[in-house]
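Written below as structure tokens is the structure these notes are about.
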Amino acid sequence: MIARDGRVVVVGGGLASARTISALRRKGLTGPIDVISGEPHLPYDRPPLSKDVLTGSRDDTALPFDIAKLDVTVHRNRRAVGLDTASRTVRTDAGDIAYDGLVIATGASPIRMPGDGDQLTLRTIDDALTLRRRLVPGHHLVIIGASWIGAEVATVARDNGCAVTCLESAEVPLAGAIGDDAARHLLPWWKGIDLRCGVTVGSVTPNGVLLADGSTVPADSVVTGVGVRPAVGWLDDSGLSVDRGVLTDASCRTDAPNVVALGDVAQRWSPSAGKHTLVEHWDDAGGAAAAAAAALLSDDPPVLDPVPYFWSDQFGHKIQYTGAHSSTDAVAVYSDHDGALAAVTWTAADGTLTAWLGIDRPRDVVPARTSVGGPVTESPVVEALQKTHRVVHDYEGARR
Ligand code: FAD
């Protein structure tokens with residue numbers, strides 16, 4: 001725990017950073033706060049980048065962040081390059097900064113494919129604005145990866161009249177995220193897109209994409225959306241415990257004194273899952289901020305164990321998912337009587353509802369999130385679905 005007038009350094013200038021700074025001030029920190037941010041911008045929101053910014057309905061996604069009111073010094077375009085927890089110093093590309101308390105909020109970086117061809121990724125507002133300029137009628141866009149980012153980019157590109165090819169290594173889009181059984185029902189949404197599943201990309205070349213089988217897919221532009229890696233490189237010599245992300249307890253505390261980590265960079269202990277989990281979603285990055293601030297300012301911070309939640313807007317639909325399913329859960333897919341997909345539920349062998357996915361059903365999210373973790377037979381959301389919808393598929397999973 002640090003004194004109220006202690007100096008806090010926050011590395012990273014995204015959602016987790018902005019929310020933690022507000023929480024620190026709300027909880028009474030009076031000491032200086034320095035933000036080391038690798039970007040030229042003040043904190044902004046990323047989910048709209050692949051939605052409103054790409055469509056052109058927004059140019060600015062700034063988060064509420066009043067530098068003067070929060071009394072914070074933001075070092076823009078400055079990168080942390082090392083951490084010495086013994087001397088409590090962050091090394092940066094423009095000198096060292098000492099701290100009493102440290103917040104690690106460096107998020108994640110997109111994974112890139114090999115090759116020397118021009119390859120766009122979508123993580124920053126500058127990435128989104130660059131991609132947007134290319135989404136003009138007739139432009140041939142090749143998207144590598146048909147997961148959340150790939151689907152959202154494909155939506156806008158198709159609607160803008162681009163010729164869109166999407167290369168996916170799994171058998172169906174989103175299979176890695178929600179499993180084949182559920183994902184195959186979303187396939188019709190990809191109409192008008194040259195979707196090639198089960199292909200392996202070798203590299204990005206100046207003319208397009210070279211596949212592992214030696215064939216090429218020509219492209220005017222290539223966007224890679226194959227996932228992200230927590231931005232932990234600067235912590236290599238720090239002695240902090242890092243797996244994929246920085247390991248923390250359920251209150252965001254790392255194994256170094258007065259050092260907390262949250263957001264996409266952190267792999268936090270989940271009491272309900274009984275393991276460290278890397279969530280990589282907006283709700284968790286912002287939702288952990290109050291606990292991270294409390295972990296610096298008190299010896300008894302709250303224990304976090306939220307039911308995970310995320311959403312995606314694609315092909316004219318809003319997908320919302322809450323919970324955490326396993327590949328052995330039974331999967332039920334529901335549609336309304338006109339055949340429109342409505343929801344997917346996952347149930348463990350002991351009858352526990354482990355996850356729920358809704359399609360264009362925002363009002364069901366809160367009750368679904370509340371009933372995840374309890375018996376499926378007691379979930380009002382599932383009961384209502386069973387009354388008003390039909391089950392189009394009921395997969396028993398690997399448990400039978
Ligand atoms: P970030 O927002 O990534 O912020 C980290 C910051 O740290 C960055 O500014 C980075 O430049 C900086 N940084 C990194 N390394 C260093 C360093 N060494 N020194 C200094 N600064 C550094 N989630 C959902 O739930 N639903 C969605 O629909 C959704 N859509 C998304 C769409 C896009 C295009 C993207 C990119 C993400 C989306 N997400 C979505 C995920 C969500 O935005 C992230 O979970 C969230 O932004 C994580 O916040 P963060 O603060 O941990 O990391």
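Throughout, read-outs are computed from the coordinates displayed, never taken from laboratory work. Keep in mind that this is a model prediction, so the values were computed, not measured. Counting neighbours? That spans all protein chains shown, and the Cβs are built from the backbone with ideal geometry, glycine included.
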Sort 393, 337, 281, 325 by Cβ crowding within 10 Å, fewest neighbours at the top. 337, 393, 281, 325
Could you put 252, 162 in order, starting from the residue whose Cβ has the fewest other Cβ atoms within 10 Å? 162, 252
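Find the all-direction average of the projected area of the Cα convex hull for the chain, expressing the result in square nanometres with one decimal place.
20.8 nm²
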Can you give the % of DSSP beta bridges in the chain that are antiparallel, to the nearest 5? 60 percent
Which value at 222 nm does the chain reach when only helices count, each DSSP H run of 4 or more adding -39,500 (n - 2.57), with the total divided by all residues and rounded to the nearest 500 deg cm²/dmol? -5000 deg cm²/dmol
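With both bridge residues required to lie in the range 1-119, what share of the DSSP beta bridges run antiparallel, to the nearest 5%?
Of those bridges, close to 40 percent are antiparallel.
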Mind checking which of 338, 300, 116 has the largest fluctuation in a GNM of the chain, springs on alpha carbons under 10 Å? 338
About the Cα centre, and with charges only on the beta carbon of Lys, Arg (+1) and Asp, Glu (-1), how big is the dipole of the range 23-107? Nearest 20 debye, please. 200 debye
I'd like to know which of 343, 303, 270 lies farthest towards the positive end of the charge dipole of the range 247-400, counting +1 on Cβ of Lys and Arg and -1 on Cβ of Asp and Glu. 343
Does anyone have the angle between helix 15-26 and the longest principal axis of the chain? Alpha-carbon axes, 0 to 90°, nearest 10? 40 degrees
Percent antiparallel among DSSP beta bridges confined to the range 59-216, nearest 5, equals 55 percent
Might you report the magnitude of the Cβ-based charge dipole of the chain about its Cα centre, with Lys and Arg at +1 and Asp and Glu at -1, to the nearest 20 debye? 500 debye
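If each residue's Cβ is checked for other Cβ atoms within 10 Å, how do 78, 229, 26 rank with the fewest at the top? Numbers along the way, then the final one.
On the way: 78 20, 229 15, 26 11.
Listed from fewest to most nearby Cβ atoms, that is 26, 229, 78.
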